Each structure stands twice: as C-alpha cells, then as structure tokens.
Amino acid sequence: MVLSANQLRFPLFIRKINPNDRLRLKNGGYKTIRRELIDQKVPNEQRERYFAITDVDDEILWVPGLRKAWLKEPFLKDNQQFIMEFRIGGSPHGQ
C-alpha cells in the first residue's frame, strides 16, 4: 500500500481485527470487517488470521489481503510517500 505523508497520523499499529471494526468507504459511509469478510466469502476458520493496520486514532487504514480503507485525505504525489508491505513469515522484500 502506498500512502503520502498527509494521509498518515503516526505512530501506526498492527493488531488483530475485531469483527466490529469499520472500514471507511468512498461514499463516506462505513462497512464492518465482519460484513466485508462475509461479502468476500472468507471461511470462518480463516477470519482470525487477519490483521488491521491502524493509525494513532485507531482508524483502520488497511486490512492486508482483504481491503484498503478509503482515506479522508487525498494522495499527494508531491508529498513524501510511504510504502507499506505486510508479510507473515518468510524474508523481507529484496532479501
């Protein structure tokens, strides 16, 4: 996931998802993680394997492997950019 500096509020956190967590949608509304898991037909036994990347206010930015949240701030090419990569196991990218 690539973000510009204006879209981030540090520090960022990685935590297990809660089914009641909400993802911001493009239309300004929200969708629960539970509903997204159902819509994408993720089996119950796999649902506990998902993590959320959140900002300092616990706003979800991304659930790797599931969905990115629509962010309030627009992506600005001229700002400093950050690349987030989420891996479970294995070696870091490029090694």
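Could you run through the range 1-24 and say how many residues are among the basic types (Lys, Arg), open to solvent by less than 70 Å² (accessible area, probe 1.4 Å) and more than 21 Å from Phe75 (Cβ to Cβ)?
First, the residues of the range 1-24 that are among the basic types (Lys, Arg): 9, 15-16, 22, 24.
Checking the rest, the ones that are also open to solvent by less than 70 Å² (accessible area, probe 1.4 Å) come to 15, 24.
Keeping just the survivors that are more than 21 Å from Phe75 (Cβ to Cβ) gives 15.
Total meeting the criteria: 1.
Counting residues that are within 10 Å of the chain's Cα centre (by Cα) and closer than 21 Å to Val2 by Cβ, which strands (runs of 3 or more DSSP E) fully inside the range 15-95 reach at least 1?
Those strands (runs of 3 or more DSSP E) span 22-24, 51-54, 60-63.
If you go through the range 60-67 one residue at a time, do you hit one that is in contact with a strand residue (DSSP E or B) (Cβ under 8 Å, 6 or more places away or on another chain), open to solvent by 40 Å² or more (accessible area, probe 1.4 Å) and of a type outside the set (D, E, K, R)? The answer is no; no qualifying residue exists.
The number of residues in the range 37-59 being open to solvent by less than 50 Å² (accessible area, probe 1.4 Å) and under 24 Å from Ile83 (Cα atoms) comes to 5. In this entry, Thr54 passes the filter for residues that are under 27 Å from Asp78 (Cβ atoms), in contact with a Leu (Cβ under 9 Å, 6 or more places away or on another chain) and β-branched (Val, Ile, Thr).
The values are calculated or read from the model by the stated rules, or taken from the named source; none is laboratory data. Since the structure is predicted, the reported quantities are computational estimates derived from the model, not experimental observations. Ideal geometry is used to build each Cβ from the backbone, glycine not excepted, and the neighbour counts take in all protein chains shown. Accessible surface is based on the protein model in full, side chains and every heavy atom, while ligands, DNA and RNA are left aside. Shrake-Rupley method; radii C 1.70, N 1.55, O 1.52, S 1.80 Å.
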